[in-house]
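Below: one structure, written as structure tokens.
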Amino acid sequence: MKQQYPLYLDSREAGSLTLFDEGGALCAQALCRPLKDGLYRAYLTGAQGRVLIGVLEPRGEMLCAEKRLSAGEVRALGALRGGEALRSFSFSDEHWEPSFPGRFFSDPALERRLRAQSGTLYRTEGNRRIVALPFDVHRPFPLMELFCFARLQTVEGKSRVLYAAGPDGVPVF
């Protein structure tokens, strides 16, 4: 058995989602053209909901996500409608704010160090909050203790270090 469905992003077809039998289980494979800067997840959708296939990752010139599903998981979706790609997280330059209402990090020491930084920008995407700190190769790295969570990017024409935190104020990748 092999079934192919369109994979949609913002109501536009962006790729395909294929279901095929693999040793008694169903394998779902989402293939998608490269997308804007960000992290996207692929879902199989049906009349009764959706199930996560996985994070779309580069594979050659396409993005791909795969998952083995039980027949019960697929039946629970009802009539299948196709695939959907949804942005989970983005580092784009839209809607940056110069201040963040409330606490950003749950750790008081990190919060104090963040508040001592000047020129910070903030934004919220989904359930994640993002802070962009000015970056200068001639100055100490901002929030060095979070170095492994950092991403360097140009925001509003300046080099910045970006960090993200979940709704609980804990740093996330």
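The values are calculated or read from the model by the stated rules, or taken from the named source; none is laboratory data. The structure displayed is predicted, hence computed values, not measured ones. Note: ideal-geometry Cβ built from the backbone for every residue, glycine included; neighbour counts use all protein chains shown.
Residues that are farther than 14 Å from Leu86 by Cα and either among the acidic types (Asp, Glu) or at pLDDT below 90 (or both) within region 3-45 comprise Asp21, Glu22, Gly23, Gly24, Ala25, Leu26, listed in sequence order. I'd like the full set of residues that are in contact (Cβ under 8 Å) with a residue 40 or more places away in the chain, within 16 Å of the chain's Cα centre (by Cα) and assigned to a strand (DSSP E or B), limited to region 154-173. Those that are in contact (Cβ under 8 Å) with a residue 40 or more places away in the chain, within 16 Å of the chain's Cα centre (by Cα) and assigned to a strand (DSSP E or B): Leu162, Ala164, Ala165, Pro171, Val172. If the condition is being in a loop (DSSP other than H, G, I, E, B), among the hydrophobic types (A, V, I, L, M, F, W, C) and within 19 Å of the chain's Cα centre (by Cα), then region 105-152 contributes only Ala150. Only one of the numbered conditions (1) surrounded by fewer than 18 Cβ atoms within 10 Å (Cβ to Cβ); (2) within 30 Å of Leu9 (Cβ to Cβ); (3) among the small types (Gly, Ala, Ser); (4) in contact (Cβ under 8 Å) with a residue 24 or more places away in the chain is not met by Ser106, and that is (2). With respect to the conditions (1) under 23 Å from the mean Cα position of the chain (by Cα); (2) more than 24 Å from Pro167 (Cβ to Cβ); (3) in a strand (DSSP E or B), Tyr43 lacks only one, and its number is (2). Every residue in region 127-148 that is buried (at least 16 other Cβ atoms within 10 Å of the Cβ) and over 14 Å from Trp96 (Cα atoms), please. Answer for region 127-148, where residues must be buried (at least 16 other Cβ atoms within 10 Å of the Cβ) and over 14 Å from Trp96 (Cα atoms): Phe135, Pro142, Leu143, Leu146.
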